[in-house]
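Worksheet: one structure, shown below.
The values are calculated or read from the model by the stated rules, or taken from the named source; none is laboratory data. Since we're looking at a predicted model, the values are computed, not measured. Note: ideal-geometry Cβ built from the backbone for every residue, glycine included; neighbour counts use all protein chains shown.
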Amino acid sequence: LRVGFVVEYSPFIIKRLISGSTSEFMSGILVDIWKDYARIMKYNLNFVEFESYGTELGERRYNGLLGEIANKTIHGSTEKFKITSNRIRDFMYTAPVVYASDAYIVRQRSIEKFTPSSYLVFDPLNIFLFILIVLIAAYIEQLIHNLRQRIIFPQFIYGSAFTGTTVAGGVDVVTLKSVQEQCRRGSRKLLLEQDLYFNQEKESELFGRIISLPSSDIHVNGADSEDAEMLCSSDEFAMKTDTFGARKMQLHVAKNKSEHSQKCKLTSVSPGPESDFPHKSIISSSVRTLNPYAFFFNYDTPTRFIDKFNEVILKLYPFDMITCFYWRKYTNRNMNPPVEPKFAFTYDPIKFKDVQTIFIILAVGLFVSICAGIIEKFSVTPIAQRKIEK
(Lines give C-alpha, C1' and ligand atoms only; values in the text may rest on other atoms or scores of the structure.)
Protein backbone atom coordinates (compact mmCIF):
# COMPACT_ATOMS: atom_id res chain seq x y z
CA LEU A 1 0.00 0.00 0.00
CA ARG A 2 1.75 3.18 -1.22
CA VAL A 3 0.69 6.34 0.58
CA GLY A 4 1.87 9.84 -0.30
CA PHE A 5 2.72 12.81 1.90
CA VAL A 6 4.32 16.22 1.31
CA VAL A 7 5.70 17.74 4.50
CA GLU A 8 6.12 16.92 8.15
CA TYR A 9 3.23 18.48 10.05
CA SER A 10 3.49 17.69 13.74
CA PRO A 11 1.57 16.20 15.49
CA PHE A 12 -0.27 14.82 12.43
CA ILE A 13 2.76 13.71 10.41
CA ILE A 14 6.15 13.26 12.08
CA LYS A 15 9.23 12.09 10.18
CA ARG A 16 12.23 10.87 12.20
CA LEU A 17 15.53 9.47 10.96
CA ILE A 18 16.58 6.20 12.57
CA SER A 19 20.13 6.40 13.95
CA GLY A 20 22.66 4.66 11.69
CA SER A 21 20.22 4.26 8.84
CA THR A 22 18.90 6.28 5.93
CA SER A 23 15.39 4.89 6.42
CA GLU A 24 12.73 7.02 8.06
CA PHE A 25 10.28 6.19 10.79
CA MET A 26 6.87 7.81 10.27
CA SER A 27 4.59 8.57 13.18
CA GLY A 28 1.84 11.00 14.07
CA ILE A 29 -1.94 11.02 14.30
CA LEU A 30 -2.67 10.65 10.56
CA VAL A 31 0.12 8.10 10.13
CA ASP A 32 -1.32 6.03 12.98
CA ILE A 33 -4.69 5.93 11.22
CA TRP A 34 -3.05 4.51 8.09
CA LYS A 35 -1.04 2.00 10.14
CA ASP A 36 -4.17 0.67 11.85
CA TYR A 37 -5.96 0.45 8.50
CA ALA A 38 -3.03 -1.44 6.93
CA ARG A 39 -2.86 -3.81 9.91
CA ILE A 40 -6.58 -4.63 9.67
CA MET A 41 -6.42 -5.11 5.87
CA LYS A 42 -3.05 -6.97 6.15
CA TYR A 43 -1.18 -4.61 3.83
CA ASN A 44 2.49 -3.65 3.85
CA LEU A 45 2.64 0.12 4.18
CA ASN A 46 5.07 2.33 2.25
CA PHE A 47 5.18 6.13 2.61
CA VAL A 48 6.26 8.19 -0.41
CA GLU A 49 7.25 11.86 -0.13
CA PHE A 50 6.26 14.41 -2.82
CA GLU A 51 7.24 18.03 -3.36
CA SER A 52 3.77 19.60 -3.67
CA TYR A 53 0.13 18.95 -2.91
CA GLY A 54 -1.02 19.71 -6.41
CA THR A 55 -3.63 21.88 -8.09
CA GLU A 56 -6.41 21.15 -10.57
CA LEU A 57 -5.36 21.40 -14.23
CA GLY A 58 -8.67 20.31 -15.73
CA GLU A 59 -11.37 17.68 -15.29
CA ARG A 60 -9.75 14.84 -13.32
CA ARG A 61 -6.34 16.26 -14.14
CA TYR A 62 -4.09 17.32 -11.27
CA ASN A 63 -0.40 17.70 -10.59
CA GLY A 64 1.56 17.02 -7.41
CA LEU A 65 0.32 14.54 -4.82
CA LEU A 66 -3.29 14.77 -6.03
CA GLY A 67 -2.10 14.01 -9.56
CA GLU A 68 -0.28 10.88 -8.38
CA ILE A 69 -3.48 9.67 -6.68
CA ALA A 70 -5.56 10.42 -9.79
CA ASN A 71 -3.03 8.58 -12.00
CA LYS A 72 -3.03 5.57 -9.61
CA THR A 73 0.71 5.86 -8.99
CA ILE A 74 -0.09 5.75 -5.29
CA HIS A 75 -3.17 4.48 -3.49
CA GLY A 76 -3.95 7.42 -1.22
CA SER A 77 -2.67 10.33 0.84
CA THR A 78 -1.50 10.72 4.41
CA GLU A 79 -2.27 14.42 4.11
CA LYS A 80 -5.72 15.67 4.93
CA PHE A 81 -7.46 17.45 2.05
CA LYS A 82 -10.41 19.79 2.21
CA ILE A 83 -13.56 18.30 0.68
CA THR A 84 -14.66 20.41 -2.32
CA SER A 85 -17.21 19.82 -5.08
CA ASN A 86 -14.54 19.11 -7.72
CA ARG A 87 -12.65 16.71 -5.48
CA ILE A 88 -15.88 14.86 -4.69
CA ARG A 89 -16.27 14.38 -8.44
CA ASP A 90 -12.68 13.24 -9.07
CA PHE A 91 -11.69 11.19 -5.99
CA MET A 92 -12.95 8.69 -3.45
CA TYR A 93 -12.69 10.07 0.06
CA THR A 94 -13.17 8.97 3.64
CA ALA A 95 -15.31 10.32 6.43
CA PRO A 96 -14.00 13.66 7.78
CA VAL A 97 -10.90 13.21 9.92
CA VAL A 98 -10.61 16.69 11.40
CA TYR A 99 -12.44 19.99 11.13
CA ALA A 100 -10.38 23.15 10.86
CA SER A 101 -10.70 26.74 9.69
CA ASP A 102 -8.16 29.14 8.25
CA ALA A 103 -6.27 31.13 10.85
CA TYR A 104 -3.78 33.97 10.91
CA ILE A 105 -1.42 34.41 13.84
CA VAL A 106 0.73 37.39 14.81
CA ARG A 107 2.90 38.41 17.72
CA GLN A 108 0.73 39.97 20.41
CA ARG A 109 1.78 43.52 21.16
CA SER A 110 1.36 44.17 24.85
CA ILE A 111 1.13 47.51 26.59
CA GLU A 112 3.42 47.46 29.59
CA LYS A 113 1.64 47.16 32.92
CA PHE A 114 1.63 50.22 35.13
CA THR A 115 0.60 50.90 38.74
CA PRO A 116 -0.78 54.44 39.10
CA SER A 117 -1.95 53.80 42.64
CA SER A 118 1.57 52.99 43.77
CA TYR A 119 2.02 56.75 43.86
CA LEU A 120 -1.49 57.80 44.86
CA VAL A 121 -3.43 55.37 47.05
CA PHE A 122 -6.39 57.74 47.39
CA ASP A 123 -7.38 60.12 44.69
CA PRO A 124 -8.98 63.40 45.91
CA LEU A 125 -12.54 62.22 45.29
CA ASN A 126 -12.00 58.99 47.23
CA ILE A 127 -10.57 60.93 50.19
CA PHE A 128 -13.81 62.94 50.30
CA LEU A 129 -15.92 59.78 49.95
CA PHE A 130 -13.95 58.03 52.68
CA ILE A 131 -14.49 60.89 55.16
CA LEU A 132 -18.19 60.99 54.23
CA ILE A 133 -18.60 57.24 54.78
CA VAL A 134 -16.81 57.43 58.14
CA LEU A 135 -19.30 60.10 59.24
CA ILE A 136 -22.17 57.94 57.98
CA ALA A 137 -20.66 54.99 59.84
CA ALA A 138 -20.59 56.99 63.07
CA TYR A 139 -24.29 57.74 62.63
CA ILE A 140 -25.14 54.13 61.74
CA GLU A 141 -23.29 52.96 64.85
CA GLN A 142 -25.95 54.77 66.87
CA LEU A 143 -28.67 52.79 65.09
CA ILE A 144 -27.05 49.34 64.88
CA HIS A 145 -26.92 47.35 68.09
CA ASN A 146 -25.87 44.07 66.48
CA LEU A 147 -22.19 43.40 67.21
CA ARG A 148 -21.73 41.21 64.09
CA GLN A 149 -22.96 43.97 61.80
CA ARG A 150 -20.61 46.43 63.47
CA ILE A 151 -17.65 44.13 62.85
CA ILE A 152 -18.35 43.53 59.14
CA PHE A 153 -19.18 47.16 58.41
CA PRO A 154 -15.49 48.16 57.89
CA GLN A 155 -15.41 45.76 54.92
CA PHE A 156 -18.13 47.79 53.22
CA ILE A 157 -16.22 51.00 53.93
CA TYR A 158 -13.10 49.46 52.41
CA GLY A 159 -14.86 48.17 49.33
CA SER A 160 -16.60 51.50 48.73
CA ALA A 161 -13.82 53.99 49.23
CA PHE A 162 -10.39 52.40 49.37
CA THR A 163 -8.82 52.15 45.92
CA GLY A 164 -5.73 50.09 46.74
CA THR A 165 -3.03 49.31 44.20
CA THR A 166 -4.24 48.78 40.64
CA VAL A 167 -2.38 47.02 37.85
CA ALA A 168 -3.53 47.88 34.34
CA GLY A 169 -2.36 46.33 31.10
CA GLY A 170 -3.60 45.95 27.57
CA VAL A 171 -3.04 44.40 24.16
CA ASP A 172 -3.16 45.78 20.65
CA VAL A 173 -6.12 43.98 19.07
CA VAL A 174 -5.40 42.86 15.48
CA THR A 175 -8.26 42.03 13.10
CA LEU A 176 -8.16 40.28 9.74
CA LYS A 177 -9.25 43.53 8.09
CA SER A 178 -6.25 45.37 9.53
CA VAL A 179 -3.91 42.56 8.39
CA GLN A 180 -5.42 42.87 4.91
CA GLU A 181 -4.80 46.63 4.81
CA GLN A 182 -1.27 46.28 6.19
CA CYS A 183 -0.36 43.63 3.59
CA ARG A 184 -1.73 45.82 0.80
CA ARG A 185 0.40 48.73 2.04
CA GLY A 186 3.45 46.47 2.29
CA SER A 187 3.87 47.05 6.04
CA ARG A 188 3.21 43.40 6.86
CA LYS A 189 4.45 40.20 5.19
CA LEU A 190 2.95 36.71 5.15
CA LEU A 191 4.55 33.51 6.40
CA LEU A 192 3.24 30.27 4.91
CA GLU A 193 3.84 26.70 6.03
CA GLN A 194 3.21 25.50 2.48
CA ASP A 195 1.87 27.19 -0.62
CA LEU A 196 -1.25 24.99 -0.34
CA TYR A 197 -2.71 27.34 2.25
CA PHE A 198 -2.59 30.29 -0.08
CA ASN A 199 -5.00 29.43 -2.87
CA GLN A 200 -5.82 31.94 -5.57
CA GLU A 201 -9.49 32.52 -4.68
CA LYS A 202 -8.83 33.62 -1.10
CA GLU A 203 -5.70 35.48 -2.13
CA SER A 204 -7.64 37.49 -4.71
CA GLU A 205 -10.37 38.40 -2.26
CA LEU A 206 -7.98 39.33 0.54
CA PHE A 207 -5.55 41.43 -1.50
CA GLY A 208 -7.48 42.33 -4.63
CA ARG A 209 -4.70 40.94 -6.82
CA ILE A 210 -2.79 37.72 -7.42
CA ILE A 211 0.59 37.54 -5.71
CA SER A 212 2.56 34.72 -7.30
CA LEU A 213 5.44 32.97 -5.60
CA PRO A 214 8.26 33.79 -5.27
CA SER A 215 7.47 37.20 -3.80
CA SER A 216 9.22 39.49 -1.33
CA ASP A 217 5.88 39.77 0.51
CA ILE A 218 5.46 36.00 1.02
CA HIS A 219 7.82 33.60 2.81
CA VAL A 220 7.44 29.83 2.73
CA ASN A 221 9.60 28.21 5.41
CA GLY A 222 7.94 25.00 6.52
CA ALA A 223 10.01 24.88 9.72
CA ASP A 224 8.32 25.66 13.02
CA SER A 225 11.48 27.08 14.57
CA GLU A 226 12.12 29.49 11.68
CA ASP A 227 8.51 30.66 11.58
CA ALA A 228 8.44 31.16 15.34
CA GLU A 229 11.67 33.15 15.30
CA MET A 230 10.40 35.41 12.52
CA LEU A 231 7.04 35.99 14.21
CA CYS A 232 8.63 36.74 17.58
CA SER A 233 11.38 38.95 16.17
CA SER A 234 9.14 41.48 14.43
CA ASP A 235 5.59 42.80 14.17
CA GLU A 236 5.76 42.88 10.37
CA PHE A 237 4.91 39.19 9.91
CA ALA A 238 1.56 37.39 9.94
CA MET A 239 1.39 33.63 9.53
CA LYS A 240 -1.33 31.91 7.48
CA THR A 241 -2.22 28.46 8.79
CA ASP A 242 -5.29 26.70 10.21
CA THR A 243 -6.70 26.29 13.71
CA PHE A 244 -4.47 23.27 14.37
CA GLY A 245 -1.40 25.02 12.99
CA ALA A 246 -2.07 28.12 15.08
CA ARG A 247 -2.29 26.08 18.26
CA LYS A 248 0.83 24.13 17.27
CA MET A 249 2.82 27.37 16.81
CA GLN A 250 1.56 28.79 20.13
CA LEU A 251 2.67 25.62 21.92
CA HIS A 252 6.02 25.70 20.13
CA VAL A 253 6.75 29.24 21.32
CA ALA A 254 5.54 28.49 24.85
CA LYS A 255 7.86 25.47 25.03
CA ASN A 256 10.86 27.13 23.37
CA LYS A 257 13.36 28.83 25.70
CA SER A 258 15.06 31.10 23.16
CA GLU A 259 15.62 34.79 23.81
CA HIS A 260 12.75 35.86 21.53
CA SER A 261 10.17 33.35 22.74
CA GLN A 262 10.60 34.19 26.43
CA LYS A 263 8.93 37.56 25.88
CA CYS A 264 6.78 36.50 22.91
CA LYS A 265 3.15 35.49 22.84
CA LEU A 266 1.41 34.49 19.62
CA THR A 267 -2.27 35.23 19.22
CA SER A 268 -4.82 34.39 16.53
CA VAL A 269 -6.05 37.31 14.46
CA SER A 270 -9.68 38.16 15.15
CA PRO A 271 -12.01 37.71 12.14
CA GLY A 272 -13.56 41.04 13.09
CA PRO A 273 -17.19 42.03 12.51
CA GLU A 274 -19.04 40.17 9.77
CA SER A 275 -19.51 43.45 7.92
CA ASP A 276 -15.76 43.47 7.13
CA PHE A 277 -16.20 40.31 5.06
CA PRO A 278 -19.83 39.53 4.08
CA HIS A 279 -21.29 36.13 4.98
CA LYS A 280 -20.95 34.79 1.41
CA SER A 281 -17.33 35.86 1.25
CA ILE A 282 -14.76 33.06 0.77
CA ILE A 283 -12.58 34.61 3.46
CA SER A 284 -15.46 34.95 5.92
CA SER A 285 -16.63 31.35 5.49
CA SER A 286 -13.13 29.87 5.68
CA VAL A 287 -12.19 31.80 8.84
CA ARG A 288 -15.48 31.61 10.74
CA THR A 289 -16.55 28.08 9.74
CA LEU A 290 -14.77 24.81 10.51
CA ASN A 291 -14.35 22.87 7.26
CA PRO A 292 -14.11 19.05 6.98
CA TYR A 293 -10.86 17.39 5.88
CA ALA A 294 -10.59 13.76 4.71
CA PHE A 295 -8.19 11.20 3.21
CA PHE A 296 -8.35 10.89 -0.58
CA PHE A 297 -8.11 7.75 -2.76
CA ASN A 298 -8.12 7.35 -6.53
CA TYR A 299 -11.55 7.26 -8.12
CA ASP A 300 -11.57 3.50 -8.84
CA THR A 301 -10.89 2.42 -5.25
CA PRO A 302 -13.50 -0.21 -4.20
CA THR A 303 -16.14 1.09 -1.82
CA ARG A 304 -15.44 -1.69 0.70
CA PHE A 305 -11.93 -0.29 1.23
CA ILE A 306 -13.36 3.15 1.97
CA ASP A 307 -15.96 1.65 4.33
CA LYS A 308 -13.24 -0.19 6.25
CA PHE A 309 -11.18 3.01 6.48
CA ASN A 310 -14.24 4.85 7.80
CA GLU A 311 -14.63 2.19 10.50
CA VAL A 312 -11.07 2.85 11.65
CA ILE A 313 -11.72 6.60 11.78
CA LEU A 314 -15.09 6.41 13.52
CA LYS A 315 -14.16 3.69 16.04
CA LEU A 316 -10.52 4.43 16.86
CA TYR A 317 -10.00 8.05 15.81
CA PRO A 318 -13.19 10.08 16.32
CA PHE A 319 -12.69 13.84 16.29
CA ASP A 320 -12.91 14.28 20.07
CA MET A 321 -10.22 11.61 20.55
CA ILE A 322 -7.92 13.28 18.02
CA THR A 323 -8.21 16.67 19.70
CA CYS A 324 -7.65 15.35 23.24
CA PHE A 325 -6.03 11.91 23.68
CA TYR A 326 -3.97 11.65 20.46
CA TRP A 327 -3.03 15.34 20.42
CA ARG A 328 -1.79 15.08 23.99
CA LYS A 329 0.02 11.81 23.18
CA TYR A 330 2.28 13.52 20.65
CA THR A 331 2.54 17.02 22.16
CA ASN A 332 2.17 16.33 25.90
CA ARG A 333 -0.15 19.36 25.97
CA ASN A 334 -3.87 19.99 25.75
CA MET A 335 -5.25 20.86 22.34
CA ASN A 336 -7.56 23.59 23.58
CA PRO A 337 -5.80 26.75 24.79
CA PRO A 338 -6.62 28.25 28.18
CA VAL A 339 -9.52 30.70 28.17
CA GLU A 340 -8.25 34.16 27.28
CA PRO A 341 -9.69 37.24 29.02
CA LYS A 342 -12.39 38.92 26.98
CA PHE A 343 -11.30 42.43 28.01
CA ALA A 344 -8.30 44.26 26.67
CA PHE A 345 -7.57 45.89 30.03
CA THR A 346 -7.31 44.34 33.47
CA TYR A 347 -7.93 45.88 36.89
CA ASP A 348 -6.53 44.07 39.91
CA PRO A 349 -7.37 45.83 43.21
CA ILE A 350 -6.03 44.79 46.59
CA LYS A 351 -8.62 42.37 47.96
CA PHE A 352 -10.12 42.70 51.41
CA LYS A 353 -8.65 39.35 52.45
CA ASP A 354 -5.16 40.79 51.90
CA VAL A 355 -5.70 43.40 54.62
CA GLN A 356 -8.33 41.67 56.73
CA THR A 357 -5.89 41.31 59.64
CA ILE A 358 -6.04 45.07 60.11
CA PHE A 359 -9.82 45.01 60.28
CA ILE A 360 -9.81 42.00 62.61
CA ILE A 361 -7.62 44.01 64.99
CA LEU A 362 -10.06 46.92 64.66
CA ALA A 363 -12.97 44.57 65.32
CA VAL A 364 -11.24 43.16 68.42
CA GLY A 365 -10.57 46.69 69.59
CA LEU A 366 -14.22 47.55 69.06
CA PHE A 367 -15.27 44.49 71.04
CA VAL A 368 -12.89 45.36 73.90
CA SER A 369 -14.19 48.92 73.95
CA ILE A 370 -17.77 47.65 74.09
CA CYS A 371 -16.89 45.34 76.98
CA ALA A 372 -15.12 48.19 78.75
CA GLY A 373 -18.18 50.37 78.24
CA ILE A 374 -20.47 47.68 79.68
CA ILE A 375 -18.23 47.20 82.71
CA GLU A 376 -18.04 50.93 83.21
CA LYS A 377 -21.79 51.37 82.93
CA PHE A 378 -22.89 48.52 85.22
CA SER A 379 -19.99 48.23 87.66
CA VAL A 380 -17.61 51.15 87.81
CA THR A 381 -20.20 53.94 87.50
CA PRO A 382 -22.49 52.75 90.41
CA ILE A 383 -19.44 52.34 92.68
CA ALA A 384 -18.24 55.81 91.81
CA GLN A 385 -21.70 57.28 92.49
CA ARG A 386 -21.87 55.62 95.94
CA LYS A 387 -18.48 57.06 96.83
CA ILE A 388 -19.60 60.51 95.77
CA GLU A 389 -22.78 60.22 97.86
CA LYS A 390 -20.72 59.29 100.93
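Report, by residue number, each residue of the stretch 77-100 that is among the basic types (Lys, Arg) and closer than 12 Å to residue 299 by Cα.
Within the stretch 77-100, 87, 89 qualify.
Please work out which residue is modelled with the lowest pLDDT, limiting yourself to the stretch 37-92 and to residues that are hydrophobic (A, V, I, L, M, F, W, C) and part of a helix (DSSP H, G or I).
We begin by selecting, within the stretch 37-92, every residue hydrophobic (A, V, I, L, M, F, W, C); these are 38, 40-41, 45, 47-48, 50, 57, 65-66, 69-70, 74, 81, 83, 88, 91-92.
Okay, now just the ones that are also part of a helix (DSSP H, G or I), so 38, 40-41, 65-66, 69-70, 88.
Numbers: 38: 92, 40: 91, 41: 90, 65: 89, 66: 89, 69: 91, 70: 89, 88: 85.
Selected residue: 88.
Go through (1) within 18 Å of the chain's Cα centre (by Cα); (2) free of Cβ contacts under 8 Å to residues at least 40 places away in the same chain and name the single condition residue 290 misses.
(2)
Inspect all residues belonging to the stretch 256-278 and state whether any of them is under 15 Å from the mean Cα position of the chain (by Cα), of a type in the set (Gly, Ala, Ser) and either more than 25 Å from residue 205 (Cβ to Cβ) or surrounded by fewer than 17 Cβ atoms within 10 Å (Cβ to Cβ) (or both).
yes
Here's the yes/no breakdown for (1) under 23 Å from the mean Cα position of the chain (by Cα); (2) under 21 Å from residue 220 (Cβ atoms):
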site: 51; (1), (2): no, yes
site: 54; (1), (2): no, yes
site: 57; (1), (2): no, no
site: 60; (1), (2): no, no
site: 63; (1), (2): no, yes
site: 76; (1), (2): no, no
site: 100; (1), (2): yes, yes
site: 104; (1), (2): yes, yes
site: 109; (1), (2): yes, no
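Quick check on my filter: what residues within the stretch 288-345 are touching an Asp or Glu at 6+ places or on another chain (Cβ under 8 Å), over 28 Å from residue 103 (Cα atoms) and either exposed (fewer than 13 other Cβ atoms within 10 Å of the Cβ) or at pLDDT below 90 (or both)?
Correct list: 299 only.
Please verify whether the stretch 96-107 includes one or more residues that are at pLDDT 85 or above, over 27 Å from residue 227 (Cα atoms) and surrounded by 14 or more Cβ atoms within 10 Å (Cβ to Cβ).
Scanning the stretch 96-107 turns up at least one residue that is at pLDDT 85 or above, over 27 Å from residue 227 (Cα atoms) and surrounded by 14 or more Cβ atoms within 10 Å (Cβ to Cβ).
Residue under question is residue 99, and the condition is that it be assigned to a strand (DSSP E or B), of a type outside the set (Gly, Ala, Ser) and touching a residue at least 60 places away in the same chain (Cβ under 8 Å); does it hold?
Yes; evaluated as a whole, the condition is true for this residue.
Okay, residues lined up against (1) surrounded by fewer than 19 Cβ atoms within 10 Å (Cβ to Cβ); (2) without any contact (Cβ under 8 Å) to a residue 60 or more places away in the chain; (3) not aromatic (Phe, Trp, Tyr):
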position: 2; (1), (2), (3): yes, no, yes
position: 13; (1), (2), (3): no, no, yes
position: 31; (1), (2), (3): no, yes, yes
position: 41; (1), (2), (3): yes, no, yes
position: 56; (1), (2), (3): yes, yes, yes
position: 76; (1), (2), (3): no, no, yes
position: 94; (1), (2), (3): no, no, yes
